[in-house]
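Colleague: Here you go, one structure.
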Amino acid sequence: MKVLLVGNGGREVALARNLVRTASSSDPVELIVQAGNPGLEPLGQSLVFNPLNPDDVAVRAKGRGVDLVVVGPEAPLVAGVADAVRAEGIPVFGPSKVAAQLEASKAFAKEVMEAAGVPTARAFTCRTTEEVEAAFNAFGAPYVVKDDALAAGKGVVVTDDRNVALAHATTCLNREDGVVLVEEYLDGPEVSLFCVSDGTTVVPLVPAQDFKRVGDGNSGPNTGGMGAYTPLPWLDDSVVDEVVKTVAQPTVDEMARRGTPFVGLLYCGLAMTSKGIRVVEFNVRFGDPETQVVLERLDSSLADLLYAAATGTLAHLPAPIWSPDAVVTVVMASGGYPDTPDTGHEITGIEDAEAIDGVHVIHAGTRFEITSSAEEVALGCCGFEPDEMLVNSGGRVLDVVGRGATVEEARAKAYEGVDWISFAGEHHRKDIATWPAELDAKN
Ligand code: AMP
Ligand code: GLY
């Protein structure tokens with residue numbers, strides 16, 4: 001199967017790695033990947049294209065005769081990449097522009113959840129500070145304020161400090177067409193459950209947990225995610241079925257009823273509250289960094305699963321097969337992250353980390369920088385290879401992944417890997433995959 005993968009972050013490296021790893025020997029996956037990630041390029045044929053330009057992606061998919069396009073990040077989906085590819089008659093794993101609003105607009109997601117009877121936090125959609133104040137009065141502390149628009153996981157502030165909450169709301173409202181949601185606070189540990197859908201049928205993957213705050217003990221601001229693990233030994237097995245029944249299936253049914261079927265990955269961000277399961281958020285694509293651990297446990301073909309979703313044939317596919325192993329990933333981030341990252345520093349130790357049995361390292365925000373002088377490059381003739389070094393180029397830089405028989409073993413492996421790697425300004429959490437008692441203390 002020839003697959004074009006759109007996106008070039010850590011999640012796409014995990015997708016690429018596992019598309020190839022799990023493919024059946026009778027139908028190997030031939031990958032075309034988006035250029036620009038030193039960890040992704042060796043996994044396929046790399047191609048330079050603009051992931052936010054639907055026509056560019058569709059033309060390339062057609063030109064290369066691909067069997068399937070898999071869209072990793074949300075921005076291309078919101079830009080309409082899946083619509084353009086589908087219009088060419090090419091199967092695509094990823095929702096249409098309209099269905100992607102489940103992630104792109106938190107207000108839209110709330111409306112769909114309400115129509116579908118899906119349990120979520122009560123919320124007010126606010127366009128003025130007066131409305132925000134009224135919502136604060138209605139719910140009380142802790143205050144939960146969400147930017148309505150896409151914000152890479154960083155648009156949400158949860159705080160007991162009303163002034164901080166109001167300041168965040170004001171910043172969002174001051175933007176053009178600024179809208180914020182003020183929500184009821186949800187207690188309890190969070191779970192990410194990915195559900196694959198072909199527009200009708202829903203197939204759940206295995207649950208994982210993400211660590212959203214930047215600091216140990218869930219302190220500091222929200223990030224895109226600082227680490228993840230699976231399985232969740234503390235979670236009752238019945239939760240997966242319950243989430244499919246009460247959250248994912250009703251949402252997929254509601255989207256179909258509206259004539260905007262959801263094809264792709266419905267990421268259910270859930271809170272296990274004292275009052276039951278509640279949806280914290282929907283995303284319309286694989287989570288980052290949960291994908292790096294979830295897909296590592298998949299023992300059946302990922303390409304077949306995504307192709308079945310893209311072609312409306314999920315009901316006929318056998319259920320995915322999962323390894324009982326545990327997998328943990330720790331994100332190594334740049335200085336400054338989640339604010340402006342301090343980039344351009346040499347990264348060392350990746351090979352040493354990968355030499356450990358059960359450890360691999362995923363590139364999320366790295367690039368090669370040429371270290372030969374401009375003069376050397378100018379004088380170099382055919383066959384000249386400039387010297388280059390690997391440097392950090394984004395907020396989240398590397399995902400160090402450890403695998404073992406238990407979560408404790410996998411965590412020990414991941415941190416053993418982390419210990420080998422360094423770059424100036426690097427920071428990571430020390431408490432990834434520790435038990436949920438600590439996770440309850442969100443503030
Ligand atoms: P979101 O972008 O909606 O997933 O929010 C990011 C993070 O903020 C979530 O993973 C939670 O940790 C936290 N959060 C969001 N909504 C709530 C809520 N209603 N109550 C408590 N925490 C929340
Ligand atoms: N890890 C959270 C997300 O992908 O949005």
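Colleague: For region 203-355, what does the relative contact order come out to in percent, with C-alpha contacts under 8 Å and a separation of six or more?
Modeller: 25
Colleague: Still on this structure, please answer the following. For Ala100, what residues show an amide H to amide H distance below 5 Å, using hydrogens built from the backbone and excluding near sequence neighbours?
Modeller: none
Colleague: Under the rule of at least 5 residues apart or a separate chain, name every residue whose amide H is placed under 5 Å from the amide H of Thr120.
Modeller: Residues meeting the criterion, in which the H sits 1.01 Å from N, are Val279.
Colleague: Same structure, new question: Summing -39500 (n - 2.57) over the DSSP H runs of n ≥ 4 in the chain and dividing by its residue number, what mean residue ellipticity at 222 nm do you reach, to the nearest 500 deg cm²/dmol?
Modeller: It comes out at -8000 deg cm²/dmol, rounded to the nearest 500.
Colleague: Starting from the amide H of Val397, placed 1.01 Å from N in the peptide plane, find each other amide H under 5 Å away whose residue is 5 or more places distant or on another chain.
Modeller: For Val397, the qualifying residues are Met332, Ala333, Ser334, Gly365.
Colleague: What is the calculated FRET efficiency for Lys2 to Arg162, with r their C-beta to C-beta distance and R₀ = 60 Å, to the nearest 0.05?
Modeller: Working: r = 55 Å, r/R0 = 0.91.
So the FRET efficiency works out to roughly 0.65.
Colleague: Next up: Whole-Hz ³J(HN,Hα) for each residue in region 183-191, computed from phi via Karplus 6.51 cos²θ - 1.76 cosθ + 1.60 with θ = phi - 60°, x for glycine and proline: what do you get?
Modeller: Once rounded to whole Hz, the list reads 10, 5, 6, 9, 8, x, x, 9, 9.
Colleague: Now for a different question. Return the single residue from Cys195, Cys268, Cys382 with maximal mean-square fluctuation; model: Gaussian network over the chain, springs between Cα atoms under 10 Å.
Modeller: Sorting by GNM fluctuation, first place goes to Cys382.
Colleague: Compute the Cα gyration tensor for region 1-111, then decide on rounded, prolate or oblate, letting a ≥ b ≥ c be the square roots of its eigenvalues: rounded whenever a/c is under 1.5, prolate when a/b is larger than b/c in the other cases, and oblate in all that remain. If you can, show how the numbers build up before the last one.
Modeller: Working: a/c = 1.74, a/b = 1.53, b/c = 1.13.
Prolate, since a/c reaches 1.5 and a/b exceeds b/c.
Colleague: Once you've got the GNM for the chain with C-alpha springs shorter than 10 Å, pick whichever of Asn37, Asn392, Asn163 has the biggest mean-square fluctuation.
Modeller: Taking springs between Cα atoms under 10 Å, the residue moving most is Asn163.
Colleague: Using a basic spin-label model with each label point 7 Å from the Cα along Cα→Cβ, how many nm lie between Asp253 and Glu376?
Modeller: About 6.5 nm, to one decimal.
Colleague: Another question about this same structure. Work out the length of the dipole vector of region 15-92 about its Cα centre, built from +1 on the beta-carbon of each Lys and Arg and -1 on the beta-carbon of each Asp and Glu, and round it to the nearest 20 debye.
Modeller: With Lys and Arg at +1 and Asp and Glu at -1, about 140 debye.
Colleague: Tell me whether the chain comes out rounded, prolate or oblate; compute the Cα gyration tensor, take square roots of the eigenvalues as a ≥ b ≥ c, and use a/c under 1.5 as the rounded threshold.
Modeller: Rounded shape, in that the Cα axes give a/c under 1.5.
Colleague: In debye, nearest 20, what is the charge dipole magnitude of region 24-141 about its Cα centre with +1 on Lys and Arg Cβ and -1 on Asp and Glu Cβ, if you could check?
Modeller: 60
Colleague: With a cut-off of 16 Å, note down the residues of region 250-284 whose backbone N falls inside the zone around a label point 7 Å from the Cα of Trp322 toward its beta carbon.
Modeller: In region 250-284, the label zone of Trp322 (backbone N under 16 Å from the point 7 Å along Cα→Cβ) covers 266-270.
Colleague: Further, regarding this structure: How far apart, in nanometres, would the label points at Arg175 and Thr340 be if each is projected 7 angstrom from Cα along the Cα-to-Cβ direction?
Modeller: With each label placed 7 Å out from Cα toward Cβ, I get 1.8 nm.
Colleague: Whole-Hz ³J(HN,Hα) for each residue in region 202-208, computed from phi via Karplus 6.51 cos²θ - 1.76 cosθ + 1.60 with θ = phi - 60°, x for glycine and proline: what do you get?
Modeller: So the Karplus estimates, Gly and Pro as x, are 10, 10, x, 8, 8, x, 9 Hz.
Colleague: Separation between the Glu30 and Arg64 pseudo-spin-labels, each 7 Å from Cα along Cα→Cβ, expressed in nm?
Modeller: So the label points at Glu30 and Arg64 sit 1.1 nm apart.
Colleague: Taking Cα centroids, how far is region 86-146 from region 353-426 in Å?
Modeller: Centre-to-centre distance over Cα atoms comes out at 37 Å.
Colleague: With a ≥ b ≥ c the root eigenvalues of the C-alpha gyration tensor of region 76-127, is it rounded (a/c under 1.5), prolate (a/b larger than b/c) or oblate?
Modeller: prolate
Colleague: Which whole-number percent is the relative contact order of the chain (Cα, under 8 Å, 6+ apart)? All intermediate terms of the calculation are to be shown ahead of the outcome.
Modeller: Values: 1081 pairs, mean separation 75.0, N = 443.
Normalised by residue count, the contact order of the chain is 17 percent.
Colleague: So, one more: With θ taken as phi - 60° and the coefficients 6.51, -1.76 and 1.60, list the Karplus ³J(HN,Hα) couplings across region 340-357 in order, rounded to whole Hz; mark glycine and proline as x.
Modeller: 3, x, 8, 10, x, 9, 5, 9, 10, x, 4, 5, 5, 5, 6, 6, 6, 4
Colleague: Here is a follow-up. Hey, what did region 276-362 get for relative contact order, percent, Cα under 8 Å, at least 6 apart?
Modeller: Values: 44 pairs, mean separation 19.7, N = 87.
That works out to 23 percent.
Rule-based calculations on the coordinates, nothing more; no lab input. Bear in mind that the values here come from a model prediction, so they are computed numbers and not experimental data. When we count neighbours, we look across all protein chains shown, and the Cβ atoms used for this are built from the backbone with ideal geometry, even at glycine.
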